[in-house]
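Heads up, the thing below is written out as structure tokens.
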Amino acid sequence: MIFTDKEKIFLQAGKGGNGCVSFRKEKFVPKGGPDGGDGGHGGNIIIFADSSLTTLADFRYKKHYKAEDGEHGKGSNKTGKSGKDLIIKVPLGTLLCDVETGEEIADLTSHGQECLIAAGGRGGKGNSHFATALNRAPRKATKGTAGNQKQINLNLKIIADAGLVGFPNAGKSTLVSIITDAKPKIASYPFTTLNPNLGIVYLSNYRSFSIADIPGIVEGASEGKGLGLEFLAHIERTKVLIFLLSAEQENPLHDYKILIKEIKKFNPDILLKPQLICLTSPVHYQLDPIQTIKTSVLGALNMLELTLRTKAKILQASTSEVYGDPEVHPQPETYSGYVNPIGVRACYDEGKRSAETLFFDFHRKYGTRIKVIRIFNTYGPRMQPTDGRVISNFIMQALTGKNITLYGDGKQTRSFCYITDLVQGIISIMNTPDDFLGPVNLGNPEEFNILKLAEKILLLTNSKSRFVFKPLPQDDPLQRCPDISLAKKVIHWSPSVKLDEGLVKTISYFKKIIEPNC
């Protein structure tokens, strides 16, 4: 569907019907007198806000709208039929402006909101209204009045709870495609997103919020560069601004300042909204060991620098494999000793550990407001089927009929965390007082044997895939069972989704993704 956010339309309300000149003519009723009926009223034109619409594309092909005219009056004091009102549906966030005067007529922001934009003409009076003692047979009736004409501009400003703001290729569309059902175009070149994309993020307990992917902003956008002002207007409606900055830039603070400057030039009131800053980076793990460490450390430094300048609260998330001694079981939340020392994986783990250390150092030195969590294997809907995670691999292999690959004897254990539990844990720790830093473990304290996990997935998918055992890689870290006593005590968090329930939901989601290719 073509996205359109500006259109001009011409409206013509219905004309009122004429009054009737008529006299009563019946047998045995001499001098019946006037009985001309009134004309019907012309139809009004009403603009109606409909939440099911997202674009003004329909108005690209039809510019003129006319309501029904009222019918003329008839004899026997019959009033003409009034014309039907014409109801024109528009998306939420549509601003109506008069073309001639530039005056704002209405701002339709909620479902069911209506605006009478053009009133229909009034019906004329029949001759029965003009009978008097001196003129008992009036031959006078009035004509109906013309309906209002109006030419209006429709300006759509997307309404969303959160708006993603960033330079081109900052990862906005990728994020929206993962956390919602929206399917924006994603590519490696700038300005892939040419129109705003709106998606709904579904949370637990039937909660949800909307998020808008706004086309990339470049320096000079307020002066017309790039896509210019064309889409800056859409962030006016959002409740929260989420700035996406690249962690691989040497100075993301500079990028942040450019975005702030362009928004301020367009409308400084937008900057009064709450703001979140997210640093994004491509996945280098197992692709480029040196780049993996560089991204983790540089990303952490950039985030901390932004925090110092903006006084914001910052979250650092490490993976569970970073810390934990195989002899220390379960893994305490305060442990910070052993790091997996072997192979490419060690670069990933060391980078995460260094980033976490930097966070605590900055807090001690500068008073940076930090929160630290350690995440155990995340799974669930919205996860990418090709993300290389244990559950994702097993489900995809089972659904596509491929052999399920197990390493070693398959008796290794893993702890998992369902995606909605993870989100709830993040929300909970961000709401704690500033003097609580963490770290807290967000994982299920129950461990699951890898072989039994694979067998469970085969059963749930009704797959006939077979197991293939391969040698255990040297750099495969030993998984520890998480101790979540601190999470329970301080942020009142514990996993709510059992593995069986989570697997069923994840399998259902993955089926929808691969179905066209099966």
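Remark: Asp409 matches the filter, which requires a residue to be among the acidic types (Asp, Glu) and open to solvent by 50 Å² or more (accessible area, probe 1.4 Å).
From the list Ile426, Ile457, which residue is in a helix (DSSP H, G or I) and touching a Lys or Arg at 6+ places or on another chain (Cβ under 9 Å)?
On the way: Ile457 fails: touching a Lys or Arg at 6+ places or on another chain (Cβ under 9 Å).
Just one listed residue meets the conditions, Ile426.
I'd like the full set of residues that are open to solvent by 30 Å² or more (accessible area, probe 1.4 Å) and in a loop (DSSP other than H, G, I, E, B), limited to the stretch 369-380. The answer is none; no residue qualifies. In summary, Gly126 fulfils each of the numbered conditions (1) open to solvent by 50 Å² or more (accessible area, probe 1.4 Å); (2) touching a Gly at 6+ places or on another chain (Cβ under 8 Å) with the single exception of condition (1). When the stretch 1-60 is limited to residues that are more than 42 Å from the chain's Cα centre (by Cα) and basic (Lys, Arg), the one that is modelled with the lowest pLDDT turns out to be Lys31.
Contact annotation: residue pairs with Cβ atoms under 6 Å, 6 or more positions apart or on different chains, pairing a residue in the stretch 142-164 that is under 15 Å from Glu100 (Cβ atoms) and of a type outside the set (A, V, I, L, M, F, W, C) with a partner that is open to solvent by less than 10 Å² (accessible area, probe 1.4 Å) and part of a strand (DSSP E or B), are Asn148/Ala118; Lys150/Leu11; Lys150/Ala118.
Within the stretch 233-272, being out of contact with any Ser or Thr (no Cβ under 7 Å at 6 or more places or on another chain) and within 19 Å of Gly93 (Cα to Cα) holds for Ala233, His234, Ile235, Glu236, Arg237, Thr238, Lys239, Val240, Leu241, Asn267, Asp269, Ile270.
Can you go through Ile178, Ile152 and tell me which one is open to solvent by 40 Å² or more (accessible area, probe 1.4 Å) and either of a type in the set (Gly, Ala, Ser) or not in a loop (DSSP other than H, G, I, E, B) (or both)?
Step by step, each of Ile178, Ile152 is checked, and only Ile178 is open to solvent by 40 Å² or more (accessible area, probe 1.4 Å) and either of a type in the set (Gly, Ala, Ser) or not in a loop (DSSP other than H, G, I, E, B) (or both).
Checked against the criterion of being under 23 Å from Gln384 (Cα atoms), of a type in the set (Ser, Thr, Tyr) and open to solvent by 40 Å² or more (accessible area, probe 1.4 Å), the stretch 460-473 has no qualifying residue. Among the conditions (1) under 30 Å from His363 (Cα atoms); (2) in a loop (DSSP other than H, G, I, E, B), the only one that Leu472 does not satisfy is (1). All conditions in (1) farther than 26 Å from Lys66 by Cβ; (2) within 41 Å of the chain's Cα centre (by Cα); (3) modelled with pLDDT of 90 or more hold for Ser110, with the sole exception of (3).
The values are calculated or read from the model by the stated rules, or taken from the named source; none is laboratory data. This one's a predicted model, so the numbers in the text were calculated from it and none came from an experiment. In this analysis, Cβ positions are derived from the backbone assuming ideal geometry, glycine residues included, and neighbour counts consider all displayed protein chains. The area values use the complete protein model at the heavy-atom level, side chains included, leaving out ligands, DNA and RNA. Shrake-Rupley method; radii C 1.70, N 1.55, O 1.52, S 1.80 Å.
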